[in-house]
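Here's the structure, in C-alpha cells; my notes come after.
The values are calculated or read from the model by the stated rules, or taken from the named source; none is laboratory data. Model, not experiment: these values are computed from the prediction. Virtual Cβ from ideal backbone geometry, glycine too; neighbours counted across all protein chains shown.
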Amino acid sequence: MTSVQEITGYWLGLCRKPPVVQIMQPGFGFPAGNTVAGTPDGGGGSGSGSVRRGIGAAISGMKTLCQNRQLLWFTLFAGLVLAANAIGHAAFEYLNRFLQPGTMVYYIQDFVLAFATLFLLVFLLAGLVLNLSSKKEGPASFFGGLCEAKKYLKTLFIWALVLAFAAFLLDRLYVFVALVWFPHEFGFLYTIMDGSFVNTINQFPFNWTLDWDMLTEVPGYGGRSLLLLVYPFGVLETLHFLMIALVLFILTPFVVPQIVLGQKSVREAVVGSFALLKKSWAGVVTCVLFLAAIVAGAFLVHVLLQAASGIIDPWNTVIFHPPATWIALALLYNIVLLTVAFVLATAGGIAVLDLYRAAKTGLMPESTGTKPAP
C-alpha cells in the first residue's frame, strides 16, 4: 500500500525523478545547467520542477509584458469588457424594476450577459496567444493577433457558449448549495466567504464617502442616481461572475491555445486541454496561486489605509465625508489595485502559452521579452 508520505509527496509535487542532464536556456528563473526533464511523452508531470515551472511562467509573463508594452492593450480591453459587464448588470436591474419579468427572463439575461463577456475575453485571449506565437520579427502587435483570431471566430463562439452554460450551472449550484443544501450549523462559513467581502467593499477606501446615499443622490431631486446600480450593485455582480469565470478558465487553461495553435475543434481542444492539464496541473496551480498572492497582497493594503485614516466602520463613525486628501488617496489606491489585477491577468494569459508549450515539450521556452520560439 502506498505510504502517506508518498501520497503527500505526489500531490504536493515533491516526488523526485531521476535527473536527466539537459541544457536549458536561461529564462523563467531557471539557470542553464542540469534540470529535471519531463515525462518521455513531453508532459511536464508533477515532479519537483512543476512548482518552479509555474512560478517561472508567472515571472516570465510579467517580464515579457514589461518588455512588450503593446500587450497592455489586452489589459485595457479586458478591463473595459468587465466594466461593460457591471454596466450591463446595472441596466438589467434598472429595467427589471419597471418590467417585473418572470424568473426565466432573469435567467436569459444572466446567460446573455455572461456569454457576451466570456466571448470577448476568449477572443482577447486568442489574440494574445496568436500575438506571442507569431513568427514575425520585432515587437509583438496585439491588434495583429486579434486580426488572426478572426479566423477562429466560429470555434471561439462555440467555446464561449459552452463556458457561459457552465458558468450558469455553477452559479445555480452555488445558490442551491448556499441557500438550500448548506447546513445551517455551518452558515457562518458562508457569511465569512461572501458576507465579509461585501462588507469590505462597503468600507473605506472602497466606499470612499462611507455613505452610498450621499454619493448617488441626484441633486435637486432627492432620488437615487443610476450610479448606485453600477457601484456597488453592478460591481459586486461582476466580481461574483468573475470568480466563476476564473474557475472555468483555470480548469480549461489550454483550450484556447489548442484551438488557435493546434487547429482543434472545441471537443478536441477540451479533451487535449484536460490531457495536458493532467501532466502539468501542479505548474498551473502554482502559477495561479503566485499571481493571486500578489493581488491579495495589494488588496490587503486597504487595511493600512483604514488604520492610518482611522476610518474603519462606516456605520460607527460620524465622519461620513472624509477629508479631500483621504478621498484622493482612496481613489488612487483603487486605481492602482485594479491596474495590478488586470496587469497580472495579462501576465497570466502569457503564462498560459508558456505552460502550454511546457506541457507539450516538458521544457520551458526561452524568455526573450518578445515572442517565444514556436
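Put simply, of Pro322, Pro253 the only residue that is of a type outside the set (Gly, Ala, Ser), buried (at least 19 other Cβ atoms within 10 Å of the Cβ), modelled with pLDDT of 90 or more and not in a helix (DSSP H, G or I) is Pro253. Would you pick out the residues in the range 67-94 that are among the aliphatic types (A, V, I, L, M), over 20 Å from the mean Cα position of the chain (by Cα) and crowded, with 19+ Cβ neighbours inside 10 Å? Across the range 67-94, the qualifying residue is only Ala90.
The residue that is modelled with the lowest pLDDT, among those in the range 97-134 that are within 20 Å of Gly61 (Cβ to Cβ) and not aliphatic (A, V, I, L, M), is Ser134.
Specify which of the listed residues (Thr103, Thr155) is more than 20 Å from the chain's Cα centre (by Cα), under 15 Å from Val260 (Cβ atoms) and not acidic (Asp, Glu).
Checking each option against the conditions leaves just Thr155.
Looking across the range 142-199, the residues that are at pLDDT 75 or above and of a type in the set (D, E, K, R) come down to Glu148, Lys150, Lys151, Lys154, Asp171, Arg172. Only one entry in Ala282, Ala269, Ala293 is at pLDDT 95 or above, part of a helix (DSSP H, G or I) and more than 24 Å from Gly127 (Cβ to Cβ), namely Ala293.
Go through the residues of the range 100-112 one by one and say whether even a single one is surrounded by 15 or more Cβ atoms within 10 Å (Cβ to Cβ), touching a residue at least 60 places away in the same chain (Cβ under 8 Å) and under 19 Å from Leu163 (Cα atoms). Taking every residue of the range 100-112 in turn, at least one turns out to be surrounded by 15 or more Cβ atoms within 10 Å (Cβ to Cβ), touching a residue at least 60 places away in the same chain (Cβ under 8 Å) and under 19 Å from Leu163 (Cα atoms).
A quick yes/no check of all residues on (1) surrounded by 14 or more Cβ atoms within 10 Å (Cβ to Cβ); (2) modelled with pLDDT of 90 or more:
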site	(1), (2)
Pro219	no, no
Phe233	yes, no
Val247	no, yes
Ser309	yes, no
Val318	no, no
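In this structure, is Val122 among the β-branched types (Val, Ile, Thr), under 16 Å from Ile244 (Cβ atoms) and surrounded by fewer than 19 Cβ atoms within 10 Å (Cβ to Cβ)? The answer is no for Val122.
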